[in-house]
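Following: one structure in structure tokens, then a few remarks.
The values are calculated or read from the model by the stated rules, or taken from the named source; none is laboratory data. It should be emphasised that the depicted structure is a prediction, and the values quoted were computed from it without experimental measurement. We place every Cβ from the backbone using ideal geometry, glycine too, and count neighbours over all the protein chains shown. SASA here: full protein model, heavy atoms, side chains in, ligands and nucleic acids out. Shrake-Rupley method; radii C 1.70, N 1.55, O 1.52, S 1.80 Å.
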Amino acid sequence: MKKYDVRTTISYPTKGAMGKTGNWRVFTPILDKKKCVKCLRCWIYCPEATVIRNKDDTVDIDYEYCKGCGICADVCKVKAIVMERVGEKE
Amino acid sequence: MAIKDLPREECYLPGSAACPGCPATMAMRIVFKAIGKKMVMIVPACCTAVIESIHPKTSFNIPTMNIAFEAAAAGASGVEAGLRKQGREDITVVAWAGDGGTYDIGIQALSGALERNTNFIYICYNNQIYSNTGIQRSGATPYAAWTTTTVRGKTEFRKEMGEIIQAHHIPYAAQACVAYPEDLYKKVKKAKSIKGPKYIEIMAPCPPGWRFGMEKTVEMGTMAVETGAWALYEYENEKVTFNGKSKLILDGKIERKSIEDWIKYQGRFRHLFIPKKDVKRLKEIEEHVDKIWERYRACYL
Ligand SMILES: Cc1ncc(C[n+]2csc(CCOP(=O)(O)OP(=O)(O)O)c2C)c(N)n1
Ligand code: SF4
Ligand code: SF4
Ligand code: SF4
Ligand SMILES: [Mg+2]
């Protein structure tokens with residue numbers, strides 16, 4: 001990336017600027033791809049941009065940074081996403 | 001337009017300092033999609049200045065300039081002039097500020113920039129409080145809402161910023177809401193295509209500030225519109241056009257839902273329900289919303 005030689009404070013765009021925010025999660029979104037109808041509501045509403053929109057408009061979740069807010073599950077009209085407490089299944 | 005028609009490109013990078021369920025980043029993603037990378041954003045003190053994250057890293061893949069709380073529109077005016085001198089009028093200048101920075105401390109800089117006909121888009125994400133500093137009341141906070149500076153509930157009604165903006169007779173202004181991303185996208189796109197000052201205000205329900213569950217940001221936005229607590233409209237060539245559910249309410253095709261349906265999910269209004277229902281204040285809120293819609297009908301129908 002181009003760095004600028006100027007006398008002011010400049011920050012550079014970085015994924016995970018505050019670290020791996022996935023470890024903030026108390027609940028984790030679990031996606032059932034068989035139920036998904038590719039409406040993309042979860043993708044457009046995710047405040048963290050951690051619902052990944054694939055080429056064929058299927059979706060995946062970026063667990064490294066997903067903060068576990070549960071909005072994706074809340075807006076999914078076919079209940080293809082459910083929230084599970086972290087550590088419940090291990 | 002359907003959701004799938006919105007561009008895939010993301011200029012908001014995951015892993016920022018925003019709270020889970022944040023309406024500001026939700027709105028920002030749509031704005032970035034509508035304008036694209038050829039933009040400069042001016043951000044005063046507000047949650048967004050924190051969401052950017054900590055030096056030397058930032059979560060925004062958009063050139064962003066931070067400026068003092070009161071100075072978003074003044075800063076944008078300077079950036080616009082600089083770009084114009086360099087012949088870079090292809091770059092969209094966007095001031096992005098909170099309701100505190102817009103309704104209250106930033107209003108003179110904003111009014112000045114609108115009056116000078118500055119070619120920029122001013123976007124206010126309205127979470128109805130000073131959230132960055134720990135939930136204080138602003139001119140956008142609704143009547144009876146709890147904040148740390150209105151512990152028994154605010155005693156004044158919010159001001160109508162949209163109508164103050166219209167008094168500047170600018171080419172374009174609009175009200176949108178995080179719950180309606182396609183609508184927001186269309187409004188920002190239109191603003192981008194128009195020369196001169198543009199103003200867009202986005203209703204942005206804030207989970208920690210309003211005290212509701214972080215999965216409910218979208219629902220709280222939908223209910224704000226369906227109860228008539230917030231209206232979706234555009235102001236263009238001196239004409240106000242309501243759209244979406246707000247148009248149906250204005251036309252009398254649907255009835256607005258009771259304000260109670262919206263506020264009972266928000267802890268900031270808890271004192272109106274517990275220990276016993278505050279019938280008087282609930283009625284005042286309902287009547288105030290009715291009065292606003294009567295005026296809307298008289299002026300804009
Ligand atoms: C002159 C000045 N006064 C007070 C502050 C402290 N301050 C920083 S952000 C903020 C509130 C911002 O509220 P708003 O504009 O609504 O944005 P939000 O935090 O809600 O996103 C305050 C009071 C400041 N930075 N500068
Ligand atoms: S909201 Fe549900 S159905 Fe729609 S794309 Fe997401 S998971 Fe699939
Ligand atoms: S839980 Fe929240 S942050 Fe995680 S993918 Fe769903 S909407 Fe995005
Ligand atoms: S306080 Fe509200 S607006 Fe601010 S970062 Fe948190 S959720 Fe977003
Ligand atoms: Mg605010």
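Some points to look at:
- One residue alone among B:44, B:23 is under 25 Å from residue B:210 (Cβ atoms), touching an Asp or Glu at 6+ places or on another chain (Cβ under 8 Å) and open to solvent by less than 50 Å² (accessible area, probe 1.4 Å), and that residue is B:44.
- Subset tally (residues that are farther than 20 Å from residue B:69 by Cβ, more than 8 Å from chain A (Cβ to nearest Cβ) and in a strand (DSSP E or B)) for segment B:1-43: 1
- Set B:150, B:217: member being of a type in the set (S, T, N, Q) and touching a strand residue (DSSP E or B) at 6+ places or on another chain (Cβ under 9 Å): B:150
- Condition met for residue A:18 (facing chain B (nearest Cβ under 8 Å), assigned to a loop (DSSP other than H, G, I, E, B) and among the hydrophobic types (A, V, I, L, M, F, W, C)): yes
- Yes/no for residue B:249 being of a type in the set (A, V, I, L, M) and exposed (fewer than 13 other Cβ atoms within 10 Å of the Cβ): no
- Test: residue in segment A:24-38 that is at the interface with chain B (Cβ under 7 Å from one of its Cβ atoms) and open to solvent by less than 40 Å² (accessible area, probe 1.4 Å): no
- Filter result for residue B:88 (over 16 Å from residue B:196 (Cβ atoms), away from ligand 5 (no atom under 12 Å from the Cβ) and either more than 16 Å from the chain's Cα centre (by Cα) or small (Gly, Ala, Ser) (or both)): yes
- Which listed residue, of A:25, A:85, is away from ligand 5 (no atom under 16 Å from the Cβ), within 16 Å of residue B:214 (Cα to Cα) and in contact (Cβ under 8 Å) with a residue 60 or more places away in the chain: A:25
- Residues satisfying the stated conditions in segment A:1-22, i.e. in contact (Cβ under 8 Å) with a residue 12 or more places away in the chain and not β-branched (Val, Ile, Thr): A:1, A:13, A:15, A:16, A:20, A:22
- Selection status of residue A:73, of a type in the set (Gly, Ala, Ser), touching a Gly at 6+ places or on another chain (Cβ under 9 Å) and on the phi < 0 side of the Ramachandran plot: no
- Among the residues of segment B:52-62, none qualifies, meaning not one is of a type in the set (Gly, Ala, Ser), under 17 Å from residue B:173 (Cβ atoms) and either within 14 Å of chain A (Cβ to nearest Cβ) or surrounded by 15 or more Cβ atoms within 10 Å (Cβ to Cβ) (or both).
- Some residue of segment A:64-85 being assigned to a loop (DSSP other than H, G, I, E, B), away from ligand 1 (no atom under 16 Å from the Cβ) and aromatic (Phe, Trp, Tyr): yes
- Reported count of residues in segment B:168-212, each being open to solvent by 40 Å² or more (accessible area, probe 1.4 Å), away from chain A (no Cβ under 14 Å) and basic (Lys, Arg), is 5.
- Taking the criterion of being at the interface with chain B (Cβ under 9 Å from one of its Cβ atoms) and near ligand 2 (Cβ under 8 Å from one of its atoms), the residues of segment A:42-71 that qualify are A:43, A:57.
- Test result for residue B:201, within 16 Å of ligand 1 (Cβ to nearest atom), within 30 Å of residue B:117 (Cβ to Cβ) and among the acidic types (Asp, Glu): yes
- Output for segment B:44-70, where each listed residue is within 20 Å of the chain's Cα centre (by Cα), part of a loop (DSSP other than H, G, I, E, B) and free of Cβ contacts under 8 Å to residues at least 40 places away in the same chain: B:52, B:68, B:69, B:70
- From B:214, B:203, residue being closer than 26 Å to residue B:271 by Cβ and out of contact with any Phe, Trp or Tyr (no Cβ under 9 Å at 6 or more places or on another chain): B:214
- Residue B:91 over 23 Å from residue B:234 (Cβ atoms), in contact with a Gly (Cβ under 6 Å, 6 or more places away or on another chain), open to solvent by less than 50 Å² (accessible area, probe 1.4 Å) and among the β-branched types (Val, Ile, Thr): no
- Filter result (in contact (Cβ under 8 Å) with a residue 24 or more places away in the chain, within 16 Å of ligand 5 (Cβ to nearest atom) and open to solvent by 10 Å² or more (accessible area, probe 1.4 Å)) within segment B:140-163: B:142, B:146, B:158, B:159
- For segment A:52-90, a residue qualifies if it is modelled with pLDDT under 95 and touching a strand residue (DSSP E or B) at 6+ places or on another chain (Cβ under 8 Å), and exactly one does: A:86.
- Helices (runs of 4 or more DSSP H) contained entirely in segment B:164-263, each with at least 2 residues that are in contact (Cβ under 8 Å) with a residue 60 or more places away in the chain, aliphatic (A, V, I, L, M) and within 30 Å of residue B:74 (Cβ to Cβ): B:181-193
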